[in-house]
Amino acid sequence: MTAISKPLSNLQLELLKLYSMNIDEKDLLHFKNYLAQFFMQKAINEADKVWEEKGYNDDLMDEWINEEQQ
């Protein structure tokens, strides 16, 4: 069985460049936190767009929560 090779993505190529650097643990942790915050913010922005498109609001969410509890 042979593995199918795919070209590396632009993100993978950039991360490979980091492997050649000697990054201390403090900087590595900072970098990991930055990436997590970046992707978290992207998810929040997408959720906000859906809320706006569908007309969701806090009152509607409270209604749904109350329906589930009954």
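The values are calculated or read from the model by the stated rules, or taken from the named source; none is laboratory data. In this text the structure is predicted, and so the values were computed from the model without any measurement. When we count neighbours, we look across all protein chains shown, and the Cβ atoms used for this are built from the backbone with ideal geometry, even at glycine.
Observations, loosely collected:
- Filtered residue count, segment 51-60, keeping only those that are part of a helix (DSSP H, G or I) and more than 23 Å from the chain's Cα centre (by Cα): 3
- Checking ASP27, ASP48 one by one, the residue that is more than 18 Å from LEU11 (Cβ to Cβ), among the acidic types (Asp, Glu) and modelled with pLDDT under 95 is ASP27 and no other.
- Being part of a loop (DSSP other than H, G, I, E, B), surrounded by 10 or more Cβ atoms within 10 Å (Cβ to Cβ) and out of contact with any Asp or Glu (no Cβ under 7 Å at 6 or more places or on another chain) is a condition met by no residue of segment 29-50.
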